[in-house]
1. Give me the net charge of A:Glu145's neighbourhood, meaning all other residues with Cβ under 13 Å from the Cβ of A:Glu145; Lys, Arg count +1, Asp, Glu -1.
2. Could you work out, residue by residue across A:75-84, how many beta carbons of other chains sit within 10 Å of that residue's beta carbon, and then give the average as an integer?
3. On average, how many beta carbons from a partner chain sit within 10 Å of the beta carbon of a residue in A:64-72?
4. Please give the average number of partner chain Cβ atoms lying within 10 Å of the Cβ of each residue in B:97-108, rounded to a whole number.
5. If the elastic network links every pair of Cα atoms under 10 Å, which of A:Gly57, A:Gly158, A:Gly18 fluctuates the most in the Gaussian network model of chain A?
6. Mind jotting down the distance between the C-alpha centroids of segment A:108-165 and segment A:49-96, whole Å?
7. When we measure straight from the Cα of A:Lys156, which aspartates and glutamates land under 15 angstrom away, once same-chain ones fewer than 8 places off are left out?
8. Taking R0 as 22 Å, what's the FRET efficiency between B:Arg53 and B:Asp3 from their Cβ-Cβ distance, rounded to 0.05?
Amino acid sequence: MASGPYNYSYIFKYIIIGDMGVGKSCLLHQFTEKKFMADCPHTIGVEFGTRIVEVSGQKIKLQIWDTAGQERFRAVTRSYYRGAAGALMVYDITRRSTYNHLSSWLTDARNLTNPNTVIFLIGNKSDLDGQRDVTYEEAKTFADENGLLFLEASAKTGDNVEDVFIETAKKIYQNIQDGNVDLNAADTGVQLKPSASGGSGDRKPTGNQSSQQSGGKGCC
Amino acid sequence: MADNSELEKAIIGDFIPLAMIQAAEKEYKKKNEEGSLTDQDRFSYAWHLIKSRYKDDIKKGISIMGELCQDGTDQRDYLYFLALAYYKLEEYSEAEQCINRVLHMEPNNSQAKDLKKLVSGKIQQDNLIAAGVVGGAALVGAAAVGTLAVIGGAIVAKLISK
């Protein structure tokens, strides 16, 4: 997949949150491996995945932290919100309770991330329309009221999975372009890769913050 | 999905800040004094300790997590974090034992497989180093014998010339 260490210009950190069994890990797996994991075990703490995507001609590495939905991990996974540029908040369209818990997840997401963190609401299992327990319209209303991006998706068929990850990256990138993200600040969940070591000759720094960031400083 | 160095950075190098560990400790001690300590509290505190960058914390975490592991119902999680903790202490054979037990319960667990991959890599590396040390020692030994032979030869030569 990767041909060199720095064949991308930015790193964006994501977290995936939501109740147990809504399909967080399956969404991640579908996105990184383009495969559906049929019986996926409950995540232990957090799981990590990466993929390089292209947004507006920029190669961006997504570092994705997929958190365990089990209640007993709730306190533990809170430490991963810090420094997330994107938060994917997932519910299961066939289980009302997972939708009802969104306000609690949203509270955590708002309190524990920074104001520029892009929050994307995902109604997963859209392939199970016959068992639907939450309408598209009400979820859309909830998303609009709270300023969230929203899509229904299916980790099983892959429908809209690509879109939620890419749309989140586009929005983050837009925030950078608009000057809303200070690339030198800690905890923004965005890192600019150094152009040293000749990895990406064609990288075009956006704005004037080109090379102060010395790479190695991890945000996660 | 990811190579070993990236995996290691994500899984092992994922330290949590000292302030968070201290907060967890405060909470744990408070509940302990109140006598209201639950397994959830123990787990949370042990997790924080194991995610520390300091070995003493990690050891303390192992001891709490280890106690949970004996009578808790969620052994899989405890074992996984014990494996992680032993890895961080560079006690790879203990780490291997724990992660093998997780894989025995869930052979297809990708997180367990990733950690196992890291553990196996370290064990292999250690074996290579051990082999290198033995090999190196043999070389040094051979060189010493050679040197002695040369010195011995020189003495003999001197004696003869006298």
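FYI, it's all coordinate maths here, none of it is from the lab. Keep in mind that what you see is a predicted model, and the values were worked out from it rather than measured. Because the Cβ atoms are built from the backbone with ideal geometry, glycine has one as well, and the counts that use them run over all protein chains shown.
1. Numbers: positive: A:Lys140; negative: A:Glu137, A:Glu138, A:Asp144.
Charge balance near A:Glu145 sits at -2.
2. On the way: counts 9, 9, 0, 1, 8, 2, 0, 3, 0, 0.
Across the residues of A:75-84, the mean count of other-chain Cβ atoms within 10 Å is 3.
3. 2
4. Numbers: counts 0, 0, 0, 0, 0, 2, 0, 0, 1, 3, 0, 5.
For this peptide, the per-residue mean of nearby foreign Cβ atoms is 1.
5. A:Gly57
6. 12 Å
7. The qualifying aspartates and glutamates are A:Glu33, A:Asp39, A:Asp92, A:Asp127, A:Asp129.
8. Working: r = 23 Å, r/R0 = 1.03.
Rounded to the nearest 0.05, the efficiency is 0.45.
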